[in-house]
1. If I ask for residues that are in contact (Cβ under 8 Å) with a residue 60 or more places away in the chain and of a type in the set (A, V, I, L, M, F, W, C), which ones from region 15-33 would you list?
2. Does ALA179 satisfy being on the phi < 0 side of the Ramachandran plot and at pLDDT 90 or above?
3. Any idea which residue in region 62-81 is modelled with the lowest pLDDT, counting only those that are surrounded by fewer than 12 Cβ atoms within 10 Å (Cβ to Cβ) and farther than 16 Å from ALA17 by Cα?
4. Could you list, in sequence order, the residues of region 171-226 that are in contact (Cβ under 8 Å) with a residue 40 or more places away in the chain, of a type in the set (Phe, Trp, Tyr) and part of a helix (DSSP H, G or I)?
5. Does ILE283 meet the test of being at pLDDT 85 or above, under 27 Å from SER16 (Cβ atoms) and outside any helix (DSSP H, G or I)?
6. ASP147 - would you say it is touching a residue at least 40 places away in the same chain (Cβ under 8 Å), surrounded by fewer than 21 Cβ atoms within 10 Å (Cβ to Cβ), outside any loop (DSSP other than H, G, I, E, B) and of a type in the set (Asp, Glu)?
7. Within the bounds of region 110-123, is there any residue that is assigned to a strand (DSSP E or B) and outside the structural domain of LYS31 (by TED's automatic domain parsing)?
8. Can you name every residue in region 208-232 that is crowded, with 16+ Cβ neighbours inside 10 Å, more than 23 Å from the chain's Cα centre (by Cα) and over 16 Å from LEU166 (Cβ atoms)?
Amino acid sequence: MKINKIVWGADGTGDSAQALKIAEALSLKFKSRIVGISVIPDYYNVVNLFPPAEKTKFRDWVDLNLITARKDSMEKFRRDLSKKGTNFEYEIMKGIPAKAIANFAVKHDADLIALGRGRSVEKTILGGTALKVLRSSRVPVLTARGDKFKGGFKRIIVPVDLSHGLGKSFDYAVDLAAAFGSTVHVANVVETGYQKYPSELAEQLRGFAHRELKETVGSTRLKDDLIINTVIAPNGWRGIVDFAFEKKADLIVIMTYGGGRFKKEFIGSVAEKVIQEAHCPVITMTP
């Protein structure tokens with residue numbers, strides 16, 4: 001696996017700062033370059049409502065205050081990272097953040113996009129910048145939250161949908177684990193809905209799934225730092241989130257597809273919910 005270039009979306013939030021810390025840790029392991037992008041939202045629709053004289057004043061205010069502040073902030077990041085030996089450059093632009101970040105990643109041939117998860121209000125809607133980038137990006141997207149990253153990943157969770165096999169996320173997680181000395185937990189969720197199954201039947205379902213998961217992974221690949229797990233939960237995202245919390249996971253690596261009838265529905269109901277609810281960073285990958 002190569003991570004030669006990481007695009008980091010800066011938005012001034014604590015989540016975004018956490019994403020940069022993780023990008024820095026990855027850059028040290030994979031000798032990556034970090035390219036930051038700070039997007040000032042496009043205010044044209046608002047500005048067009050202003051009288052002509054006010055339009056100029058508003059644009060001047062944006063240039064003087066927002067752009068200057070963003071540049072000062074990015075310069076500080078550049079100096080701090082440079083002292084640690086990390087190659088960092090950046091660009092500041094105006095536009096629609098999600099579109100600008102996605103296009104910027106393509107332009108720079110990025111191997112990973114690192115973003116803050118987003119404000120809490122975005123938990124109830126599909127429309128936050130991170131989620132829009134996730135839907136349009138063909139490269140892995142890391143979403144981070146909080147301030148608890150300690151510089152590495154001790155435990156990595158890889159959810160597996162058995163109807164699709166292991167997927168790219170498995171190999172990605174294994175390569176990350178090799179770089180950071182991590183334990184990989186491969187997890188399959190047996191979804192029971194909210195029905196009350198007899199415990200014997202639930203355990204039987206778990207046993208069937210566990211055997212299939214073991215065959216999928218391959219017994220020769222199982223070792224002390226690669227562990228298979230089968231979880232019983234009402235639904236996929238809840239099982240993944242609870243399992244990651246139980247194992248004190250430092251990272252989840254997940255594919256953006258699943259066993260539902262509609263791929264779009266899965267992205268909304270599983271991967272999206274995992275991003276929003278997980279206590280740790282999440283890397284999402286497209287098939």
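1. Our first condition is that a residue be in contact (Cβ under 8 Å) with a residue 60 or more places away in the chain; within region 15-33, this holds for 15-27, 29-30, 32.
ALA17, ALA19, LEU20, ILE22, ALA23, ALA25, LEU26, PHE30 - these are the residues of region 15-33 that are in contact (Cβ under 8 Å) with a residue 60 or more places away in the chain and of a type in the set (A, V, I, L, M, F, W, C).
2. Here the answer is yes, as ALA179 does meet what is asked.
3. First, pick out the residues of region 62-81 that are surrounded by fewer than 12 Cβ atoms within 10 Å (Cβ to Cβ): 64-65, 72, 75-76, 79.
Subset that is farther than 16 Å from ALA17 by Cα: 64-65.
On the way: LEU64: 76, ASN65: 81.
That would be LEU64.
4. Within region 171-226, TYR172, PHE180 qualify.
5. Values: at pLDDT 85 or above: yes; under 27 Å from SER16 (Cβ atoms): yes; outside any helix (DSSP H, G or I): yes.
For ILE283, the condition - at pLDDT 85 or above, under 27 Å from SER16 (Cβ atoms) and outside any helix (DSSP H, G or I) - is met.
6. On the way: touching a residue at least 40 places away in the same chain (Cβ under 8 Å): yes; surrounded by fewer than 21 Cβ atoms within 10 Å (Cβ to Cβ): yes; outside any loop (DSSP other than H, G, I, E, B): no; of a type in the set (Asp, Glu): yes.
Answer is no for this residue.
7. Start the filter on region 110-123 by keeping residues that are assigned to a strand (DSSP E or B), which leaves 112-116.
With outside the structural domain of LYS31 (by TED's automatic domain parsing) added as a condition, the list becomes none.
No, that holds for no residue.
8. ILE232 - this is the single residue of region 208-232 that is crowded, with 16+ Cβ neighbours inside 10 Å, more than 23 Å from the chain's Cα centre (by Cα) and over 16 Å from LEU166 (Cβ atoms).
The values are calculated or read from the model by the stated rules, or taken from the named source; none is laboratory data. Just so we're clear, the structure is a prediction, and the values are computed from it rather than from any experiment. In this analysis, Cβ positions are derived from the backbone assuming ideal geometry, glycine residues included, and neighbour counts consider all displayed protein chains.
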